[in-house]
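The values are calculated or read from the model by the stated rules, or taken from the named source; none is laboratory data. This is a predicted model, so every value here is computed, not measured. Here Cβ is always computed from backbone atoms with ideal geometry, including for glycine, and neighbour counts include all displayed protein chains.
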Amino acid sequence: MKRICVLFAGGESKRFGSPKALAKYMNRSFLEISLENLSHVCSNVIVSVSEKTPVDVIEHVKKYRHEYNIMLVYDSKELPCRGPPRGFVSSVISVKDNFEAVIILGIDYPYLKWKTLQKFVELSSSLDAEASTILLQKGFPSITIGYIRMDQAKKFVNICKVKKGLTRLTDLYRCSLDTALIGWSLLSENPLEFLSVNTPEQLKPGYSLKVKNTDVIARLNNVECIKFIESLSRNDLESAISYLKLEIEKYERLGLTLFKEHAEKDLRMLRDFLN
């Protein structure tokens, strides 16, 4: 299957304190680690950046341009969406060849191993789902590791061209009729691989991430998600419900009926378990 990879490297890294693309783990920059991982699952990589991306990050990307067949894509100012959705849409629009799927990856997964990413891609491609991501803990997926069928990607692009207010990658999965949530322990024995590093403290020797094994393939917008929801604590359920209420209000405001229906279905399911 012919795939294109999108690496998000344009964030402001406010919590981290410096550009994550230049941060180092085991003497390699986050950018280098990410590109090496992606090279095992696709032959073309789009590095998504914005006008706010520091010049030294851009130069660091250019250093690997030929080695990893990189296309540098700046966010389009003409799009009404913002944040990661703008980077995703700008990247997909820039693709001229026919690809069957888009693999997305955030720049901030230094613990991720290429074999784990490869396993995720292989499993995702075998599933009958429009999109997939990794379910780590508390009912919230690691959304910046994803596998999106190109038909689904184009559908999201068309929506983002005309709708304001879409600022989170969660919207990309909510747009899907069927998103698979792959439990992290199906892919690795170490949950740290799926940690999106946001602070320098998370890179210190001995740092660990203690979460329960999640070894099911749940479904967003699908009753199979019940298998995972049963394992959530009451606090986790209440947190997820609060988040979904905000999402529903946003979709109502934006007139995104399909997104709203999917979120409402998930909300009803969560409330049933809470009661």
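Looking at 18, 43, which is the one that is modelled with pLDDT under 90, within 18 Å of residue 114 (Cβ to Cβ) and surrounded by fewer than 17 Cβ atoms within 10 Å (Cβ to Cβ)? Write out each step before concluding.
On the way: 18 fails: within 18 Å of residue 114 (Cβ to Cβ).
Going through 18, 43 in turn, just one is modelled with pLDDT under 90, within 18 Å of residue 114 (Cβ to Cβ) and surrounded by fewer than 17 Cβ atoms within 10 Å (Cβ to Cβ): 43.
Could you check, for region 81-92, whether at least one of its residues is in a loop (DSSP other than H, G, I, E, B) and over 16 Å from the mean Cα position of the chain (by Cα)? Spell out how you get there, then give the answer.
First, pick out the residues of region 81-92 that are in a loop (DSSP other than H, G, I, E, B): 81-82.
Among the residues that remain, those that are also over 16 Å from the mean Cα position of the chain (by Cα) are: 81.
Yes.
When 214, 199 are screened for being modelled with pLDDT of 75 or more, in contact with a Phe, Trp or Tyr (Cβ under 7 Å, 6 or more places away or on another chain) and surrounded by 18 or more Cβ atoms within 10 Å (Cβ to Cβ), only 214 passes. All conditions in (1) within 26 Å of residue 124 (Cα to Cα); (2) in a helix (DSSP H, G or I); (3) at pLDDT 80 or above hold for residue 248, with the sole exception of (1). None of 182, 159 is in contact with a Cys (Cβ under 7 Å, 6 or more places away or on another chain) and either at pLDDT 80 or above or assigned to a strand (DSSP E or B) (or both) except 159. Across region 108-147, the number of residues qualifying as modelled with pLDDT of 95 or more and either of a type in the set (Val, Ile, Thr) or outside the structural domain of residue 18 (by TED's automatic domain parsing) (or both) comes to 3.
Let me confirm something: among 162, 95, 102, which residue is surrounded by 16 or more Cβ atoms within 10 Å (Cβ to Cβ), assigned by TED's automatic domain parsing to the domain that holds residue 190 and more than 13 Å from the chain's Cα centre (by Cα)?
Numbers: 162 fails: surrounded by 16 or more Cβ atoms within 10 Å (Cβ to Cβ); 102 fails: more than 13 Å from the chain's Cα centre (by Cα).
Selected residue: 95, the only one of 162, 95, 102 that is surrounded by 16 or more Cβ atoms within 10 Å (Cβ to Cβ), assigned by TED's automatic domain parsing to the domain that holds residue 190 and more than 13 Å from the chain's Cα centre (by Cα).
For residue 34, the stated conditions hold: it is small (Gly, Ala, Ser), assigned to a helix (DSSP H, G or I) and either closer than 24 Å to residue 127 by Cβ or at pLDDT 95 or above (or both).
For first residues located in region 57-68 and farther than 13 Å from residue 22 by Cβ, partners that are not polar (S, T, N, Q) and lie 6+ apart or on another chain with Cβ distances below 6 Å form the pairs 68/35; 68/45.
A quick yes/no check of all residues on (1) touching a Pro at 6+ places or on another chain (Cβ under 9 Å); (2) among the charged types (D, E, K, R); (3) under 22 Å from residue 202 (Cα atoms):
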| residue | (1), (2), (3) |
| --- | --- |
| 24 | yes, yes, yes |
| 37 | no, no, yes |
| 50 | no, no, no |
| 74 | no, no, no |
| 106 | yes, no, yes |
| 110 | no, no, yes |
| 113 | no, yes, yes |
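Name every residue in region 41-60 that is over 19 Å from residue 76 (Cα atoms) and assigned to a helix (DSSP H, G or I), in order of residue number. Matches in region 41-60: 56, 59, 60. The residues listed here are 86, 82; of these, the one that is at pLDDT below 90 and surrounded by 14 or more Cβ atoms within 10 Å (Cβ to Cβ) is 82.
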